[in-house]
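The values are calculated or read from the model by the stated rules, or taken from the named source; none is laboratory data. Because the structure is a prediction, the values reported are computed rather than measured. Please note: Cβ atoms are built from the backbone with ideal geometry, for glycine as well, and neighbour counts cover all protein chains shown. Each accessible area value is taken on the protein alone, full model and side chains, heavy atoms only, with ligands, DNA and RNA left out. Shrake-Rupley method; radii C 1.70, N 1.55, O 1.52, S 1.80 Å.
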Amino acid sequence: MVWNYKVLKSLEVNTPVIPKDDERIETYSEDTMYRGSPDAVLIARDEREITETLKFCNKNKVPITFCGTQTSMTGASVPDEGLLVSTELIEGVEDIYQNENGTFAVVKPGTVTALFQKEVANAGYFYPVAPTSRDQCRIGSNISTNATGEDSYKYGPVREYVQSIDIIMPDGSKRVLTREPGEHPTWVRNKAGYLVEWGNPIDLIIGSEGTLGFISRATIKLLPKARPFFSALIPFRSNWDALNFAIDTNLNDKDLNPRTLELIDSGALKLMKTSRTFPEIDEEIGSLLYIKQEYDDDEDFVRWIEVWLKKITHTCGKDLADQTMVAFTYNDQEIFRLWRHRIPEAANEIGRKYWKNAGGKIGSDWWAPMDKLAEMMRHFYLVADASGLPYMGYAHIGCGHPHTNFLSQNAVEKQKALEALASCCRKAVELGGGVAGEHGIGKIHTDLMPIQYSHDIINKMKAWKREYDPNWILGRGNIFEAPNT
Amino acid sequence: MNIIVTIKQVPDTNNITIDPETGTLNREGVPAIINPEDKNALEAALTLKEKHGAKVIVLSMGPPQAEKALREALAMGADEAILLSDRAFAGADTWATAYTLSCAVKKIKDYSLIIGGRQAIDGDTAQTGPQLSECLKIPQITYVQDVKVEGDTVLAKSVFGNVRRMVQAKMPALLTVTKEMNEPRYSTIRGIATAYREKKITVWNSKDVDAKPMRIGLPGSPTQVRKTFSPKHEREGKVFAGAPGQLANDLLGVLVDNNYV
Ligand SMILES: Cc1cc2nc3c(=O)[nH]c(=O)nc-3n(C[C@H](O)[C@H](O)[C@H](O)COP(=O)(O)OP(=O)(O)OC[C@H]3O[C@@H](n4cnc5c(N)ncnc54)[C@H](O)[C@@H]3O)c2cc1C
């Protein structure tokens, strides 16, 4: 699949293409984890420009990668070669409507997730999938990565809410994929490659990391107005106390159905404390659980406060229970959220400092079934301790999917971190889980695919890829290594 | 020692807009919160309580819904809460509010300090605190960023613009504090449970506090609002030119000149 980047000069669209030697291209050359090398960038203005560009690239076999805000943690939004098309200007909510199947919003792909949430909230509805990066990331990308958010413990991934999508194929043709009324997609956190058991092709596209077509429009199912909630940070002495509490809540305490159930282990807590507004807390506090609990009215609020207080006192003792911080006003909840956001942010900042010495942050994305999570975490902490590197575990523990990070300062340490990661991925798969529960595969985790899938299944996925994108121009290098040129 | 903290429930201005036609606040659907600097006042009181032992009484004038703000204050650790609620209080300006609060303070009688926020974010007048001290004829220290209690005096660091003063006053005294004073604590889960299940909010009306009808609510409010408007920020752009090193120097110069660094 040979192509010549000079051919890009003859791409005719209204918007000027940013060429490789323009310094503006720098902003588009890396995501949080990966540095690529786009040959040109097009900040497309509309669907027509995308269609023209796709046709052009397909004809000339020019690799084309789409991006939203490039918050991907896998290099999925940064090409190693070819044209990068940004969706940042194709944004806005086109319509909010109701029919006998529910309420829906029609949205353009470049719409920032938080703004989308705000707009549907202003119209009296609720869109619950809020990635921690929601102030930056965009809906089209969220669909393309089947994003989850803080609240997926209760509300699941984006897949659940995508009712219909318009996709533009490499040859410029358009397809509209729609769910049947009453169709309920899977909530399994698996984001490694394409969904193997897809029934409706919409489920093949969701989570396909920009490798099968351009999502030009989406119809999103909305929920009734959000209920109020309070957030709490529950303190524990050790990582294990927090873990056992979370596992017990998920498996045995079916009455408790919080929106969020996240771990902040001792390594993550250290980073959270670097947040300017984080208060001083007792030194004996070694880890936290971050929960959000919904309620209906004042009486229900107090009832839930008491339910949690009882459980926390019972498991942690009165001393720690008394140090459980609660946020029940919007401002305080935002502050809690930003503390939580500080963890990946700080880890990424540190990791990037080590890039120049060939080190960096090595993040995991594996997940395990809840009834196997204790075994999985035991394995992780063993491997992590043995590596001798700084590490942390945080986030969606209630879904069996903590983010674990290693910080490596140089190439040797990085290798150790990668080995630890691979070991955890093998264990996760052995326990019935998977290698990618949130961020997908992108370019940096293609080596993990064979851990989870047999040769046959990977070949099956490649066949679907060829069916949609015969010239293999879309998101080249994502999910599968780029084919030989 | 009893410390009275005056708090006001205000619309959360982070979530508010002003109707450009009428110049009034669009209050619909906007969450109500404790005025931020009143939270700093409460934090200051709770810190003094932890150090010297004290009873912290929160006092608010407002409609019945203001109970929620008082509950939050109780959850943060206040011991008692009093809500001044009466239709006759409606329409009060800062003068009538200060008078009404002073009637309640007189009824409480035994207190060493009154602490309030510098100003409420829905009016930005910074008048109620000082007026309350005038009504009570007690000393006031405003714009406080730090406070110490020694015997029967209070020593406070007051910062206004570039002027810093250490001011000492004999108690009882009134302080208004700014957001730089502290980081208000978060409610604890047990604090909330106790605030809702065990602590009571006392509600007083105009008769309970023996307030003169002509000095409260609209009749007691001499202020006439002639116009409200959204402040226009006259932003000034400045373009620097030159080599990167020079640019950095010029920029730093401006930041230093304006006391930003
Ligand atoms: C601090 C931080 C926190 C994060 N938290 C979460 C989290 O809680 N949950 C979570 O799921 N993820 C999270 N992420 C990862 C990331 O934000 C998500 O993957 C998000 O969906 C990416 O959005 P984006 O707009 O930045 O997309 P990009 O990174 O620009 O692109 C992501 C992928 O989408 C493809 N794509 C973009 N637009 C289109 C389109 N119109 N059609 C087809 N393909 C397209 C790209 O090719 C790429 O493969 C986090 C990242 C960071 C940095």
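Mind listing whichever residues of the stretch A:32-82 are among the aromatic types (Phe, Trp, Tyr) and near the ligand (Cβ under 9 Å from one of its atoms)? Lay out the reasoning, then the answer.
Restricting attention to the stretch A:32-82, the residues satisfying the condition of being among the aromatic types (Phe, Trp, Tyr) are A:34, A:56, A:66.
Once the filter is applied, which keeps residues that are among the aromatic types (Phe, Trp, Tyr) and near the ligand (Cβ under 9 Å from one of its atoms), the stretch A:32-82 yields only A:PHE66.
Starting from residues that are touching a Phe, Trp or Tyr at 6+ places or on another chain (Cβ under 7 Å) and under 25 Å from A:ALA130 (Cβ atoms), keep the ones in the stretch A:337-360 and report whichever is nearest to the other protein chains (Cβ to nearest Cβ). Walk me through how you get there before you give the answer.
So in the stretch A:337-360, the residues touching a Phe, Trp or Tyr at 6+ places or on another chain (Cβ under 7 Å) come out as A:339-340, A:343, A:360.
Those left that are additionally under 25 Å from A:ALA130 (Cβ atoms): A:339-340, A:343.
On the way: A:TRP339: 11, A:ARG340: 14, A:ILE343: 18 Å.
It comes out as A:TRP339.
Would it be correct to say that B:LYS39 is under 15 Å from B:ASN182 (Cβ atoms), more than 14 Å from every other protein chain (Cβ to nearest Cβ), out of contact with any Leu (no Cβ under 9 Å at 6 or more places or on another chain) and not in a loop (DSSP other than H, G, I, E, B)? Working first, answer last.
Values: under 15 Å from B:ASN182 (Cβ atoms): yes; more than 14 Å from every other protein chain (Cβ to nearest Cβ): no; out of contact with any Leu (no Cβ under 9 Å at 6 or more places or on another chain): yes; not in a loop (DSSP other than H, G, I, E, B): yes.
No: the conditions fail for B:LYS39.
Among the residues of the stretch B:161-185, write down those that are in a loop (DSSP other than H, G, I, E, B) and open to solvent by 10 Å² or more (accessible area, probe 1.4 Å).
Initial filter on the stretch B:161-185 (in a loop (DSSP other than H, G, I, E, B)): B:161-162, B:171-172, B:178, B:182-185.
Hits for the stretch B:161-185 are B:GLY161, B:ASN162, B:MET171, B:PRO172, B:ASN182, B:GLU183, B:PRO184, B:ARG185.
Can you find even one residue in the stretch B:186-195 that is under 16 Å from the mean Cα position of the chain (by Cα), open to solvent by less than 30 Å² (accessible area, probe 1.4 Å) and closer than 27 Å to A:TYR330 by Cβ? Before you say what the answer is, go through the steps one by one.
We begin by selecting, within the stretch B:186-195, every residue under 16 Å from the mean Cα position of the chain (by Cα); these are none.
No, the stretch B:186-195 contains no residue that is under 16 Å from the mean Cα position of the chain (by Cα), open to solvent by less than 30 Å² (accessible area, probe 1.4 Å) and closer than 27 Å to A:TYR330 by Cβ.
Could you check the stretch A:135-156 and list, in sequence order, the residues that are open to solvent by 30 Å² or more (accessible area, probe 1.4 Å), in a loop (DSSP other than H, G, I, E, B) and within 8 Å of the ligand (Cβ to nearest atom)?
A:GLN136, A:THR145
When you check A:ASP255 against the structure, is it closer than 27 Å to A:ARG227 by Cβ, more than 14 Å from chain B (Cβ to nearest Cβ) and not β-branched (Val, Ile, Thr), yes or no?
Details: closer than 27 Å to A:ARG227 by Cβ: yes; more than 14 Å from chain B (Cβ to nearest Cβ): yes; not β-branched (Val, Ile, Thr): yes.
Considered against the rule, which asks whether it is closer than 27 Å to A:ARG227 by Cβ, more than 14 Å from chain B (Cβ to nearest Cβ) and not β-branched (Val, Ile, Thr), A:ASP255 comes out as yes.
A:THR404: within 22 Å of A:LYS361 (Cα to Cα) and open to solvent by less than 10 Å² (accessible area, probe 1.4 Å), yes or no?
Details: within 22 Å of A:LYS361 (Cα to Cα): yes; open to solvent by less than 10 Å² (accessible area, probe 1.4 Å): yes.
Judged against the criteria, A:THR404 is a match.
Can you name the residue in the stretch B:196-210 that is more than 14 Å from chain A (Cβ to nearest Cβ) and closer than 17 Å to B:GLU80 by Cβ and, of all such residues, is surrounded by the fewest Cβ atoms within 10 Å (Cβ to Cβ)? Walk me through it before giving the result.
Going residue by residue through the stretch B:196-210, those that are more than 14 Å from chain A (Cβ to nearest Cβ) are B:200, B:202-210.
From what's left, closer than 17 Å to B:GLU80 by Cβ: B:200, B:202-204, B:208-209.
Details: B:LYS200: 8, B:THR202: 14, B:VAL203: 15, B:TRP204: 20, B:ASP208: 15, B:VAL209: 22.
Checked the stretch B:196-210; the qualifying residue surrounded by the fewest Cβ atoms within 10 Å (Cβ to Cβ) is B:LYS200.
May I ask you to say which residue of A:THR313, A:THR329 is buried (at least 16 other Cβ atoms within 10 Å of the Cβ), within 30 Å of A:GLN136 (Cβ to Cβ) and without any contact (Cβ under 8 Å) to a residue 24 or more places away in the chain? Explain how you work it out, then say what you get.
Numbers: A:THR313 fails: within 30 Å of A:GLN136 (Cβ to Cβ).
Sole residue among the options that is buried (at least 16 other Cβ atoms within 10 Å of the Cβ), within 30 Å of A:GLN136 (Cβ to Cβ) and without any contact (Cβ under 8 Å) to a residue 24 or more places away in the chain: A:THR329.
So, of the residues in the stretch A:117-134 that are without any contact (Cβ under 8 Å) to a residue 60 or more places away in the chain and more than 11 Å from the ligand (Cβ to nearest atom), which turns out to be nearest to the chain's Cα centre (by Cα)?
If we take residues in the stretch A:117-134 being without any contact (Cβ under 8 Å) to a residue 60 or more places away in the chain and more than 11 Å from the ligand (Cβ to nearest atom), then A:GLN117 is nearest to the chain's Cα centre (by Cα).
Could you check A:THR324 against (1) surrounded by fewer than 17 Cβ atoms within 10 Å (Cβ to Cβ); (2) more than 24 Å from A:ASP135 (Cβ to Cβ); (3) polar (S, T, N, Q); (4) within 13 Å of chain B (Cβ to nearest Cβ) and say which number it fails?
The one condition A:THR324 does not meet is (1).
Here's a check for you: in the stretch B:192-205, which residue that is modelled with pLDDT of 95 or more and touching a strand residue (DSSP E or B) at 6+ places or on another chain (Cβ under 8 Å) is farthest from B:ALA90 (Cα to Cα)?
Among them, the one singled out is B:ILE192.
Given the criterion near the ligand (Cβ under 9 Å from one of its atoms), away from chain B (no Cβ under 14 Å) and open to solvent by less than 30 Å² (accessible area, probe 1.4 Å), identify the matching residue among A:SER29, A:SER86.
Just one listed residue meets the conditions, A:SER86.
Inside the stretch A:35-61, can you point out the residues that are in contact with a Ser or Thr (Cβ under 8 Å, 6 or more places away or on another chain), under 25 Å from A:ILE444 (Cα atoms) and open to solvent by 50 Å² or more (accessible area, probe 1.4 Å)?
Matches in the stretch A:35-61: A:ARG35 only.
I need a count of the residues in the stretch A:199-226 that are open to solvent by 30 Å² or more (accessible area, probe 1.4 Å) and either within 14 Å of chain B (Cβ to nearest Cβ) or within 16 Å of the ligand (Cβ to nearest atom) (or both).
Kept after step one, since they are open to solvent by 30 Å² or more (accessible area, probe 1.4 Å), are these residues of the stretch A:199-226: A:199, A:201, A:217, A:221, A:223-226.
Add one more test, that the residue is either within 14 Å of chain B (Cβ to nearest Cβ) or within 16 Å of the ligand (Cβ to nearest atom) (or both), and what stays is A:201, A:217, A:225-226.
Here the count works out to 4.
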